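A.B. asks: Okay, here's the structure, questions in a sec.
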Amino acid sequence: MNKVTAREIIKTLETWAPKSFAYDWDNVGLQVGSLNKPVQNVMVTLDVVESVVDEAVEKKVDLIIAHHPLLFVKLHQINVDTPKGRIVQKLLKHDITVYAAHTNLDVAEGGVNDVMADLLDVKNHRPLIPTETEQLVKLAVFVPDSHLEAVRDAVSEAGAGFIGDYSHCTYQVSGEGTFKPQEGTNPFIGEQGRLEQVQEKRLETIVPQSKLSKVLQAMEKAHPYEEVAYDLYPLLNEGRSLGIGRVGRLDEPISLQDFADKVKERFDVPHVRVAGKMGKTVQTVALLGGSGEKYIHKAKSSGADVYVTGDMTFHMTQDAVEMGLHVIDPGHHVEKVVCVKVQQYLEERCNKDGALNILVSEVDTEPFTIQ
């Protein structure tokens, strides 16, 4: 059974949530340890607190993937008499690597905020605070007729060919390709020193810049030619909008009371804090995982009736209510909902031969208890 390295696992994770998506102030990526080490047991967690590290030691975990960075605040010393220093010491002693995907996983499609929106049945959602628009590239590759389907499927599965909610979007046109294999070549078709004429298809598709490398690798693997002929064209078309938070609509209006109950149930929290008139109906929902109080004006200007986010303070909540924006605060810890999504993503893409054991931490890192 082949050994998988931490670097291979993280490379796969970063195709979904590239570090370039993260905010400048954020500390994402490797926190402790080495990415070159072989990995068998992976644990996904929201936070890296000492009880989580103890769990990792007990379960012989090699790699911890966390949402919240362990080293969010810069360390000036590693004092093992402090809680943070003790955690770092324990991780190094047991050779446990820690990696964090924070605001990049908030921004990523299918990440924290999309999981939250989907759990609440918020439809047609878009970023609440756009951070960038993804660049698009046109790929045109020349393929012999016999391998058209294989190449088309390969690039599509790697992330090419998405237009809105449609996948495998390509265009093809027939033509005749020519080439003369030179000395030292091993041509799939033809002989060295002889001009060949082959019926080929020009296969065109659209590729997000962030997935271009993966698409080209898939294309070359599926293509039969020793040297693949292809062209890349930068496009002025706007790609998908990326950003943190989401805003969308429920299928039907619902009372604030009923929606608060839904938030509580779907996020599996013992309570939520609600500000606004409980009998009022809401339909347009803005949400943001983690601490989102500084974006109340964005939520209001987006047309939202209600804003779901954590860590709301007294005066900011008053301001939101005065603006006519209802608020539901389920706490910061609801970001835990993304852990299972990360586990599923890695299972599908990194664990095809069963070499890995990918688990979600069973430690509850919520610091508050409701009495």
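The values are calculated or read from the model by the stated rules, or taken from the named source; none is laboratory data. Only a predicted model underlies this, so the values are computations on that prediction, with no experimental measurement involved. Note that each Cβ is placed from the backbone with ideal geometry, even for glycine, and that neighbours are counted across all protein chains shown. All accessible areas refer to the heavy atoms of the entire protein, side chains included, with ligands and DNA or RNA removed. Shrake-Rupley method; radii C 1.70, N 1.55, O 1.52, S 1.80 Å.
A.B. asks: Hey, could you check the range 39-58 for residues that are touching a Leu at 6+ places or on another chain (Cβ under 7 Å) and not polar (S, T, N, Q) and say which is surrounded by the fewest Cβ atoms within 10 Å (Cβ to Cβ)?
C.D. replies: Taking the candidates together, the pick is 39.
A.B. asks: Out of everything in the range 156-200 that is within 30 Å of residue 241 (Cα to Cα) and at pLDDT below 90, what residue ends up being least open to solvent (accessible area, probe 1.4 Å)?
C.D. replies: Only one residue fits best here, namely 164.
A.B. asks: Using beta carbons and a limit of 9 Å, which pairs, at least six apart or on different chains, have the first residue in the range 73-84 and loosely packed, with under 10 Cβ neighbours inside 10 Å and the second one basic (Lys, Arg) and not in a loop (DSSP other than H, G, I, E, B)?
C.D. replies: From residues that are loosely packed, with under 10 Cβ neighbours inside 10 Å, the pairs are 73/84.
A.B. asks: With the condition being within 30 Å of residue 304 (Cβ to Cβ), I'd like the strands (runs of 3 or more DSSP E) fully within the range 121-240 carrying at least 2 qualifying residues.
C.D. replies: Because the criterion is at least 2 residues that are within 30 Å of residue 304 (Cβ to Cβ), the strands (runs of 3 or more DSSP E) in the range 121-240 that meet it are 123-133.
A.B. asks: Search the range 12-31 for residues being touching a Lys or Arg at 6+ places or on another chain (Cβ under 7 Å) and under 27 Å from residue 354 (Cα atoms), and hand back the single one that is most open to solvent (accessible area, probe 1.4 Å).
C.D. replies: Ranking the candidates gives 15 first.
A.B. asks: Shifting gears a bit: Of the residues in the range 112-153, how many are farther than 29 Å from residue 220 by Cα and not polar (S, T, N, Q)?
C.D. replies: Result for the range 112-153: 18.
A.B. asks: Mind checking which pairs have a first residue in the range 354-371 that is surrounded by 12 or more Cβ atoms within 10 Å (Cβ to Cβ) and a second that is hydroxyl-bearing (Ser, Thr, Tyr), Cβ under 7 Å, 6 or more apart or different chains?
C.D. replies: Pairs that qualify, where the first residue is surrounded by 12 or more Cβ atoms within 10 Å (Cβ to Cβ) and the partner is hydroxyl-bearing (Ser, Thr, Tyr), are 361/45; 363/51.
A.B. asks: Another question, if that's okay. Across the range 59-72, which residue is surrounded by the fewest Cβ atoms within 10 Å (Cβ to Cβ) among those that are of a type in the set (A, V, I, L, M) and more than 22 Å from residue 4 (Cβ to Cβ)?
C.D. replies: It comes out as 71.
A.B. asks: Output the number of the condition that residue 8 fails; it satisfies all remaining conditions of (1) more than 21 Å from the chain's Cα centre (by Cα); (2) at pLDDT 95 or above.
C.D. replies: Every condition holds for residue 8 apart from (1).
A.B. asks: Further, regarding this structure: Whether any residue in the range 125-137 is modelled with pLDDT of 95 or more, surrounded by 15 or more Cβ atoms within 10 Å (Cβ to Cβ) and polar (S, T, N, Q) is what I want to check.
C.D. replies: No, there is no match, as no residue in the range 125-137 is modelled with pLDDT of 95 or more, surrounded by 15 or more Cβ atoms within 10 Å (Cβ to Cβ) and polar (S, T, N, Q).
Results for (1) open to solvent by 40 Å² or more (accessible area, probe 1.4 Å); (2) touching a strand residue (DSSP E or B) at 6+ places or on another chain (Cβ under 9 Å); (3) touching a residue at least 24 places away in the same chain (Cβ under 8 Å); (4) under 29 Å from residue 101 (Cβ atoms), shown as yes or no for each residue.
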position	(1), (2), (3), (4)
233	yes, yes, yes, no
272	no, yes, yes, yes
282	no, yes, yes, no
290	no, yes, yes, yes
294	yes, no, no, yes
308	no, yes, yes, yes
311	yes, yes, no, yes
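A.B. asks: Return the residues of the range 296-306 that are more than 14 Å from residue 250 (Cβ to Cβ), of a type outside the set (Ser, Thr, Tyr) and open to solvent by less than 60 Å² (accessible area, probe 1.4 Å); say none if nothing qualifies.
C.D. replies: Residues satisfying the conditions are 296, 299.
A.B. asks: Being within 28 Å of residue 45 (Cα to Cα) and without any contact (Cβ under 8 Å) to a residue 40 or more places away in the chain, is that true of even one residue in the range 317-336? Explain how you work it out, then say what you get.
C.D. replies: Step one: filter the range 317-336 for residues within 28 Å of residue 45 (Cα to Cα), giving 327-336.
Filter again for without any contact (Cβ under 8 Å) to a residue 40 or more places away in the chain, leaving none.
No, the range 317-336 contains no residue that is within 28 Å of residue 45 (Cα to Cα) and without any contact (Cβ under 8 Å) to a residue 40 or more places away in the chain.
A.B. asks: Right, here's the next one. Looking at 9, 87, which is the one that is closer than 23 Å to residue 354 by Cα, surrounded by 14 or more Cβ atoms within 10 Å (Cβ to Cβ) and of a type in the set (Val, Ile, Thr)?
C.D. replies: 9
A.B. asks: Output the residues belonging to the range 235-249 that are among the aliphatic types (A, V, I, L, M) and open to solvent by 20 Å² or more (accessible area, probe 1.4 Å).
C.D. replies: In the first step, residues of the range 235-249 are kept if they are among the aliphatic types (A, V, I, L, M); the result is 235-236, 242, 244, 247.
Listed by number, the residues that qualify are 235, 236.
A.B. asks: Name every residue in the range 193-215 that is over 41 Å from the mean Cα position of the chain (by Cα) and farther than 20 Å from residue 143 by Cα, in order of residue number.
C.D. replies: Step one: filter the range 193-215 for residues over 41 Å from the mean Cα position of the chain (by Cα), giving 193-198.
Passing the criteria: only 193.
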